[in-house]
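Below is one structure, written out as structure tokens; comments come after it.
The values are calculated or read from the model by the stated rules, or taken from the named source; none is laboratory data. Keep in mind it's a predicted model, so treat the numbers as computed, not measured. Neighbour counts are summed over all protein chains in view; Cβ atoms, including those assigned to glycine, are modelled from backbone coordinates with ideal geometry.
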Amino acid sequence: MTMLKIGCLGLSGVICALLLKEMKSPFSAFISLGTCILIAFFGLCRLDLVVDMISSMEQYITLKTAWFQILLKITGITYLADFSSNLCKDAGYSAIAGQIEIFGKISILAISSPIILALIETIHSFLT
């Protein structure tokens with residue numbers, strides 16, 4: 001039911017923005033931005049469920065808790081970079097959107113380096 005509400009919110013935001021855009025109003029960009037922020041806020045509210053699920057997974061899987069924190073950070077960076085990039089593309093600034101995407105990818109690579117290093121060490125221990 002929540003997805004239906006979010007879908008209706010998104011469609012109504014798009015319709016309002018399109019109606020204002022036809023009247024040459026600069027407020028259509030603000031309606032689009034406000035709709036995006038509202039949907040992101042509702043998504044962040046649902047994030048508690050995901051964090052609880054990951055916490056319960058930690059009890060069953062014997063992995064370092066730091067790895068789960070890294071995975072949550074990677075997920076957050078992915079969503080923020082995608083959200084920011086799409087807003088820039090919507091406003092007509094695709095060059096800035098591309099730079100945000102590249103920075104997001106580099107940030108994910110930097111944060112995931114301990115996991116990559118542990119994977120390489122595990123493979124090395126199997127081979128020797």
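Taking the conditions (1) within 21 Å of residue 114 (Cβ to Cβ); (2) at pLDDT below 85; (3) in the same structural domain as residue 106 (by TED's automatic domain parsing) in turn, residue 76 satisfies each one other than (2). Answer yes or no as to whether residue 121 is at pLDDT below 85 and not assigned by TED's automatic domain parsing to the domain that holds residue 26. Criteria not met by residue 121.
Part of a helix (DSSP H, G or I) and within 17 Å of the chain's Cα centre (by Cα): is that true of residue 107 in this structure?
It is true that residue 107 is part of a helix (DSSP H, G or I) and within 17 Å of the chain's Cα centre (by Cα).
Annotation note: of 25, 85, 94, 12, the sole residue that is polar (S, T, N, Q) and in contact with an Asp or Glu (Cβ under 6 Å, 6 or more places away or on another chain) is 85.
Candidates in the stretch 48-73 are the residues that are within 15 Å of the chain's Cα centre (by Cα) and of a type outside the set (Val, Ile, Thr); of these, the one that is modelled with the highest pLDDT is 73.
Scanning for something closer than 22 Å to residue 100 by Cβ and in a helix (DSSP H, G or I), does the stretch 53-68 turn up at least one residue?
No, the stretch 53-68 contains no residue that is closer than 22 Å to residue 100 by Cβ and in a helix (DSSP H, G or I).
Consider the stretch 18-67 and keep the residues that are more than 20 Å from residue 4 (Cα to Cα) and of a type in the set (Phe, Trp, Tyr). The one that is surrounded by the fewest Cβ atoms within 10 Å (Cβ to Cβ) is 60.
Considering the stretch 1-47, and only residues there that are under 20 Å from the mean Cα position of the chain (by Cα), of a type in the set (A, V, I, L, M) and at pLDDT below 85, the residue that is nearest to residue 90 (Cα to Cα) turns out to be 33.
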